[in-house]
């Protein structure tokens, strides 16, 4: 039996009206304002949405409305953002809602037919479009505290193939879809009637950007049948998107940027962060050779990464299934008999040697894939056959593994996002088809491409070497990306701060005087376990996960 690995698992708007904004001389504020007014007068409909070219728009904006304000004026319609550096990509975006004044509507307001998720903050939605017909969906919620100064966190769920709507509506987002026991019944009234306010949302102190990637996930779609089945291409797409997005939302450009994810995010996040770091390095190096300072508007202010229950090194994490399932080291009840565990131990030793040879010493994709599949079956299969929840070993998975991932709430999320009024409010494209929380075809594509076989610990080490700090946290009840496997690859990682990390004390961290987990910190790396949590930590332990993030943001030891 083959297990899913850590699953939670352009059209460039061809019909758009192309409005090219000219460059203006310094002090020509009136002309700039007129140019922006001309842009703003463009209607949607047959002529297409308004279109703004970056960075020319910023150059023309002195004394006039900002790009962000222009987008906000067209609330019901998308605005198309293009960038002269990335002609192969554009961004469609619109504002969903914004409070007339701070807390004017209140967190639980249900009277506004256009209110969405959390009416106390400004929110946005849109698509990242590429010339090959790929369109990635995103939602953006500003911070509840100080949006202009708080960090910008980009979040992606894993799979590969699972929508970040899981993170948004079930874990760390500003609201949660109402639990209907998986029945997915229609809730009458405006879209906000289908959700409840999440007091422990991570947008308490961060601007949060949720992205459905790769193509085929959630509301994302492909116009011409093109797909992305590797994190390398995904990294390039995310980098360009952030450059365009922050070109329009200039007030967030200098804010600290954090990339964060879960599950297969252990592959995505280190790779995507490395792409940003490398592109920043190229720009800085080029400027230095020319005797200039780098253009700050082109540099992404990446400072941190955070990964929860990630798949980062599949060879190490696969063999950890024995220790987690068959020994007290896993900190959970033992669900397998001694004879089965004996066989698993034999396979563990065999697999460690086999995967080291074909996946590390001399990488051969086909041989490595065969080894990983065999070892996953032999070491992971026995637990999977118990029928228990792979994301929380203390749950019996009554909701079923497929398609609900053992949680009824995932079906309720899908039902909510398939509501006509919700889709219209968010601008979900008909081409996306019915919303699914996870797309197994995408997972299969990544598997065929061998993307799951990549050891990402070197990316993590490279980021740490460049001063980008990292938080890796794991719920102790998760089996599929368990804490033992994660700690093993972290302890083996080679980087300048490794000695400081290993010498740091591992201790219990507290919330309200109660033990919340264990933590260790050194060399720019923070490690944390969260007691009572499974694969989706913010779902199982919302208060403790928010406290963990806030302390980490403040630079404190947990």
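The values are calculated or read from the model by the stated rules, or taken from the named source; none is laboratory data. Keep in mind that this is a model prediction, so the values were computed, not measured. As a convention, Cβ positions derive from the backbone with ideal geometry for all residues, glycine included, and neighbour counts pool all protein chains shown.
Only one of 274, 306 is closer than 30 Å to residue 527 by Cα and touching a strand residue (DSSP E or B) at 6+ places or on another chain (Cβ under 9 Å); which? One residue alone meets the criteria, 306. Scanning the stretch 253-275 for residues that are in a helix (DSSP H, G or I) and touching a helix residue (DSSP H, G or I) at 6+ places or on another chain (Cβ under 6 Å) yields 267, 268, 270, 271, 272, 273, 274, 275. Would you check if there is a residue in the stretch 60-81 being touching a helix residue (DSSP H, G or I) at 6+ places or on another chain (Cβ under 7 Å), surrounded by fewer than 22 Cβ atoms within 10 Å (Cβ to Cβ), modelled with pLDDT of 85 or more and not in a loop (DSSP other than H, G, I, E, B)? No, because not a single residue in the stretch 60-81 is touching a helix residue (DSSP H, G or I) at 6+ places or on another chain (Cβ under 7 Å), surrounded by fewer than 22 Cβ atoms within 10 Å (Cβ to Cβ), modelled with pLDDT of 85 or more and not in a loop (DSSP other than H, G, I, E, B). For the stretch 441-462, the candidate set comprises residues that are within 18 Å of the chain's Cα centre (by Cα) and not in a loop (DSSP other than H, G, I, E, B); within that set, the residue that is farthest from residue 223 (Cα to Cα) is 460. Among the residues making up the stretch 84-96, those that are part of a strand (DSSP E or B) and surrounded by fewer than 23 Cβ atoms within 10 Å (Cβ to Cβ) are 94, 95, 96. With respect to residue 315, determine if the residue is at pLDDT 95 or above, part of a helix (DSSP H, G or I) and surrounded by 15 or more Cβ atoms within 10 Å (Cβ to Cβ). It is false that residue 315 is at pLDDT 95 or above, part of a helix (DSSP H, G or I) and surrounded by 15 or more Cβ atoms within 10 Å (Cβ to Cβ).
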